[in-house]
Amino acid sequence: EAVSLSLLVPDQNVERYESLNCDVIIEDEFGNETNNSWILWAEGDGLTTTSYDIVTFWDEGTYNIYAEVEGTALSDSYGPIYVDSSGPNLEIYTPPRGEWTEAASTEVTGNVTEEYSLLSNISVNGSNVTPTSSGDFIASVSHNLGITLVETIAEDSDGNDTTDTRAI
């Protein structure tokens, strides 16, 4: 008779549309593997599918994987698993694209948020900017004679980035 269930999930970074091949090990009181039937599933922010011992993540989000021996109270879980395939949400408020000015500098204002990992860096024209706790930020950019390009890059701890480039 089964007395223990172990759910083994590979410790790896999972991206959207990728799968994890899990191991479900059920043992009797002597440590021998049994042939009990089990079920495996995932719950979280988005759509997942499970095919025997493979869980596929179709959406970004936070998930937990569960296994249970059918007809018993034996269960195990693993998580949270963060599926993060896109960069932070980056919104630039000012300056508008194609702004015309004769000023020597412009303030770049905006907001950055990261839903599934941590914000690791935000820069405006290569200079690091520190956002407030709500994600708002301000940076000053000096103008050159003619067109000035303003490039804002936000990066998350999962290695994803979002870029906004505009001309003044």
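The values are calculated or read from the model by the stated rules, or taken from the named source; none is laboratory data. Treat the numbers as computed from the prediction; the structure is a model and nothing was measured. In this analysis, Cβ positions are derived from the backbone assuming ideal geometry, glycine residues included, and neighbour counts consider all displayed protein chains. In case anyone asks, the SASA skips ligands and DNA or RNA and just uses the protein heavy atoms, side chains included. Shrake-Rupley method; radii C 1.70, N 1.55, O 1.52, S 1.80 Å.
Miscellaneous remarks
- Given +1 at the Cβ of Lys and Arg, -1 at the Cβ of Asp and Glu and no other charges, the dipole of segment 1-106 around its Cα centre is 460 debye to the nearest 20.
- Ranking S4, S51 by solvent-accessible area of protein heavy atoms (1.4 Å probe, all protein chains present), from largest to smallest, gives S51, S4.
- Counting only heavy atoms of the protein chains and using a 1.4 Å probe, R16 has close to 100 Å² of accessible surface.
- Amide H contacts under 5 Å for S4, placed H, 5+ residues apart: E27
- Most to least accessible of E99, E114 (protein chains only, probe 1.4 Å): E99, E114
- About its Cα centre, the dipole of segment 58-168 is roughly 540 debye, where the only charges are +1 on Lys and Arg Cβ and -1 on Asp and Glu Cβ.
- Considering only I122, W100, I65, and ranking their Cα positions along the charge dipole of the chain that arises from unit charges at the beta-carbon of Lys, Arg, Asp and Glu, the one farthest toward the positive end is W100.
- Nearest-10 value in Å² for the accessible area of V3, using the 1.4 Å probe: 80 Å²
- Sulfur and carbon atoms: percent of accessible area, the chain [1.4 Å]: 45 percent
- Over segment 1-107, relative contact order from alpha-carbon pairs under 8 Å, at least 6 apart, %: 25 percent
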